[in-house]
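Participant: For reference, the structure I am asking about is given below.
The values are calculated or read from the model by the stated rules, or taken from the named source; none is laboratory data. Here the structure is a predicted model, which is why all the values come from computation and not from measurement. With ideal geometry, Cβ positions are generated from the backbone for all residues, glycine too; neighbour counts draw on all protein chains shown.
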Amino acid sequence: MCNCHQRQKRRKKWFEMKNKIYKKLVPRAIVFVLLVFGLTACMKEWTPEELEAQRRAEAAKQAANPGLFGGGGLFGGGKSEESSIGVNSFLWRASLDIVSFMPVTSADPFGGVIITDWYSFPEAPSERLKLIIYILDRVLRADGVRVAVFRQILSNGMWRNAPVPEKKGASIENSILTRARQLRHETLQQ
């Protein structure tokens, strides 16, 4: 009889201790779960194009700033007249000038990537474009800039991907190169 009574006391004590722990842990766990879900809800969903742009930006940054006994010295960032940013300053400024009418969502002067938001021209509100501009070199060269153009068309109330005219990216690249040459010429005239 005494042994049974002691077991009941131990069980009662164990349940009381368990309840105290649950009373502390459960509210904390709920707060933690809510925070996790709240923070993940705030995260931006990346499109495959944006992920590719991020990957290329990192690759361009590595190529432009090799470091550890590479062309950029021990830690990278060797001496150059454009060392304040990671790419050619004329190409960078020209790119920003050319897309100044579009909203820019991301501009990384060290990686040399400019990403615009979707933009619809007033003449064609059912069509929109998005640009990703890659500045690939620290030198003003014809192959120092690449433009990826994305196009969508409004169909039945939804935006759908559409093919981009073949020469669209090349024409924007040429506009950027022309503006970069103008900026360089203006700088040399001063």
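Participant: Please state which one of Arg128, Arg138, Arg151 is surrounded by 12 or more Cβ atoms within 10 Å (Cβ to Cβ) and within 12 Å of Trp92 (Cα to Cα). If you could, list the steps in order and put the result at the bottom.
Facilitator: Numbers: Arg128 fails: within 12 Å of Trp92 (Cα to Cα); Arg151 fails: within 12 Å of Trp92 (Cα to Cα).
Only one candidate passes the filter, namely Arg138.
Participant: Answer yes or no: is there a residue in region 116-138 that is under 18 Å from Glu52 (Cβ atoms), out of contact with any Pro (no Cβ under 6 Å at 6 or more places or on another chain) and in a loop (DSSP other than H, G, I, E, B).
Facilitator: Yes, that holds for at least one residue.
Participant: How many residues are touching a strand residue (DSSP E or B) at 6+ places or on another chain (Cβ under 9 Å) and outside any strand (DSSP E or B) if we restrict to region 139-158?
Facilitator: 1
Participant: Taking the condition of being free of Cβ contacts under 8 Å to residues at least 24 places away in the same chain and in a strand (DSSP E or B), how many residues in region 159-174 meet it?
Facilitator: Residues in region 159-174 being free of Cβ contacts under 8 Å to residues at least 24 places away in the same chain and in a strand (DSSP E or B): 2 in total.
Participant: Ok, one more. For residues in region 102-115 being more than 14 Å from Ser89 (Cβ to Cβ), within 15 Å of the chain's Cα centre (by Cα) and in a loop (DSSP other than H, G, I, E, B), which is modelled with the highest pLDDT?
Facilitator: Only one residue fits best here, namely Pro103.
Participant: Among (1) of a type in the set (Gly, Ala, Ser); (2) closer than 28 Å to Ser155 by Cβ; (3) modelled with pLDDT under 85, which single condition is Ser120 missing?
Facilitator: (3)
Participant: Look at Ala94 and say whether it is closer than 21 Å to Glu173 by Cα, under 34 Å from the mean Cα position of the chain (by Cα) and modelled with pLDDT under 65. Step through it out loud before you land on a result.
Facilitator: On the way: closer than 21 Å to Glu173 by Cα: yes; under 34 Å from the mean Cα position of the chain (by Cα): yes; modelled with pLDDT under 65: no.
No.
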